[in-house]
Amino acid sequence: MADGQGILVIGELAGSELALVTREALSAARSLSGALGGEPVSLVIAGADLGDAPQQGISAGADTVYTVVSPVLEGTPPDAVVAVAERAAQVASPRYVIGSKTLLGRDVLPRVAFRLGTALAQDCATLEVDSQQRLVATRPVYGGSAIAKVACLQTPAVAALRPKSVEPLEPDASRIGEIKTLDIQLDDSVVKARVVDRTERPSEGIRLEDAKVVVSGGRGLGGPEGFEPLKDLASLIGGAVGASRAVCDAGWLPSSYQVGLTGKTVTPDLYIAVGISGASQHMAGCSSARAIVAINKDAGANIFKEARFGVVGDWQKVLPAFIDQLHELLQ
Amino acid sequence: MPLRIVVTAKQVIDPETPASAFRIDPQALQVLPPASVPPVVNGFDEQAIEAALQIKDAAPDTNVTVLSIGASFAMDVMKKPLAMGADELVLVQDDALVNSPDPSVAVHVLAAAIRKLGDVDLVLCGRQASDWDNAQVPLGLAEKLGLAVTTIAKRVAVENGIARIERVLPDGSETVEITLPALVTVSNELGQARYPTLRGIMAAGRKAPTIWSVADVGLDMSSLTPGLELVGLALPESGAACEFIEGEDDADAGRKLALKLREAKLV
Ligand SMILES: Cc1cc2nc3c(=O)[nH]c(=O)nc-3n(C[C@H](O)[C@H](O)[C@H](O)COP(=O)(O)OP(=O)(O)OC[C@H]3O[C@@H](n4cnc5c(N)ncnc54)[C@H](O)[C@@H]3O)c2cc1C
Ligand SMILES: Nc1ncnc2c1ncn2[C@@H]1O[C@H](COP(=O)(O)O)[C@@H](O)[C@H]1O
């Protein structure tokens, strides 16, 4: 597959809609296509039911959509999606393959890259084409303490785009594209890791990932009781509660609350961090917030380096007065 | 047949190194190991070792071999898994194994070393190494060795040749079953790894690690083509300059903060 052409996006579904992350990946692919003099963008989507997603893929930037519908794809087991993506790469023979660094993408994309005999540029914040038409990506490394720029040396280059780093294109229903069924036989034997039980605990109230305001607490809160005023604050200003890994590791809150490199990425307008030191791995999940506000008793805490407003003090004294004053202002 | 488990473990710069001690050489494209902070076993790998030892607790004839590859090792650091209770430590040490964001070299060398170890039932890895945060080596290794794989485990149990894995999902968890041989990556949700006991430390002191070169595992470095090239390395730009809100006391500062956020139309 030495001389690839075009860009293949490995798509994902959100229910029976095209996932937002895939619209972002298509948008990135269109920019790359532009830099390559208009090479075609294709998309592969696979599931037990695709709904209107193939058409949405075209509106979002794809020229060709390869579809696979099979009961084997119920719950999108990574083993089956890897097989689909590998097949799509054989058929489309692309120069670049772009996916998203999501729960599914993390399991699928490295395997696809290894099957294609190349390596994956992981967790890319930006993607561009260099003068030799190599795919070049910037990505955080060392928990976000440094930013690396990596060039992909082999074809096809495979990259995992970090969610929310590219704006999706405005859907354009007048775009023209082709929908094709991907030629692949899938049967149950492809799925080696079988899901036998799943417990989803959807968050109460606003989802962390979607919240416009996030109030997060860290080890400095001293225990699960410390989160009571944080919950009050969140409901007062219409936000969601988040936490540092230290809090989840200690069992004060379930891991679904964790913000950061290995937790959730949040992009609120306002991120209030209470008793959080601001380790790079935590900031990796919240540094795209429009404004960070920190309450921490240590003036040297790293969180203040990225905060717009800060109070150096004991949260037990700062927070109640802060909440009372907000109450008054918001009456 | 007793179970044979291989746990991969990487020596990394301590991720708790304070930001002020984190240095890079932007010309040489290298992260400089902080002089005052010793390296550690990657945290998720310690949890993978813990997962293996829990399986061994239930089936004491299980063999747990810890495998690491790298250019140089701090022996006291790398011996910690032995002190925790692992049976063997195998180190593939070679100047050519420089740390790089390209996972393919590590995949090839680890795969060759695991093949040399013989029949392995279960490979446990950390979910990612806290240096390049790649989360790729295990998946590549599974492809290379033809093993079934699942990731981000918070519990791993083995019974009758089947691994039962509880995985962490963003909003819940799921249970996955895989017929051995298999590869599983482990996350911090598994819980704090056990501390070495005094007896463990003494026993580890008597065990010598097996040290192989790349040639010993039957590989020729020049035949490994890199997939990625590092072309830039920089420190992130620091964010906004913080405006500190002060008051007569902490409570007053809290009140003023509320007023400030209102003024800035943030609430
Ligand atoms: C590979 C890897 C991945 C990681 N992923 C994540 C991740 O996804 N998310 C994450 O959060 N972390 C992650 N971490 C962990 C991260 O490095 C930090 O250890 C963690 O974020 C620290 O949590 P913390 O700020 O709550 O605790 P600490 O660092 O202990 O900070 C507590 C803070 O509270 C302040 N404080 C104490 N008492 C008070 C008081 N009374 N009033 C006000 N302030 C007070 C202290 O000054 C201190 O700054 C990861 C680490 C690694 C190695
Ligand atoms: N040099 C290495 N030696 C041993 N294990 C490694 C090495 N590199 C990666 N691994 C394993 O693969 C996991 C993921 O690494 P990475 O893909 O580099 O993030 C780590 O947690 C280790 O278990």
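Here, each number is a calculation from the coordinates, and none is a lab measurement. Every value quoted in this text rests on a predicted model; they were computed, and no experiment measured them. So basically every Cβ, Gly included, is an ideal-geometry build from the backbone, and we count neighbours across all protein chains shown.
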Considering only chain B, what is the antiparallel percent among its DSSP beta bridges, to the nearest 5? 40
Collect residues whose amide H, placed 1.01 Å from N in the peptide plane, falls under 5 Å from the amide H of B:Thr185; neighbours closer than 5 in sequence don't count. B:Cys125, B:Thr150, B:Thr151, B:Ile152, B:Ala153
List every DSSP H helix in chain B whose Cα atoms extend 18 Å or more along the helix's own long axis and whose mean Kyte-Doolittle hydropathy is at least -0.5. B:43-58, B:103-117
Would you mind ranking B:Lys154, A:Lys180 by Cβ crowding within 10 Å, fewest neighbours first? A:Lys180, B:Lys154
For chain A, what does the helix formula give at 222 nm: sum of -39500 (n - 2.57) over DSSP H segments with n ≥ 4, over the residue count, nearest 500 deg cm²/dmol? -8000 deg cm²/dmol
Please rank B:Glu263, A:Glu306, fewest neighbouring Cβ atoms within 10 Å first, as an exposure proxy. B:Glu263, A:Glu306
What are the membrane-span-like helices in chain A by this rule: whole DSSP H runs, Cα extent along the axis at least 18 Å, mean Kyte-Doolittle hydropathy at least 1.6? none
Tell me the relative contact order for chain A as a rounded percent, counting alpha carbon contacts under 8 Å between residues six or more apart. 14
With charges only on Cβ, +1 for K and R and -1 for D and E, what is the dipole size of segment A:8-163 about its Cα centre, in debye, rounded to 20? 520
Need one value for A:146-159: mean number of C-beta atoms belonging to other chains within 10 Å of its residues' C-beta atoms. 5
A:Ile179 long-range amide H proximity, modeled H, under 5 Å: A:Val65
Over the whole of B:175-187, what's the average partner chain Cβ count within 10 Å per residue? Rounded to a whole number, please. 3
Ranked from fewest to most other Cβ atoms within 10 Å of their own Cβ, B:Val90, B:Val184 fall in the order B:Val90, B:Val184
If amide H atoms are built 1.01 Å from N in the plane of the peptide, which residues on other chains or at least 5 residues away come under 5 Å of the amide H of A:Gly217? A:Gly242, A:Ala243, A:Ser244, A:Val274
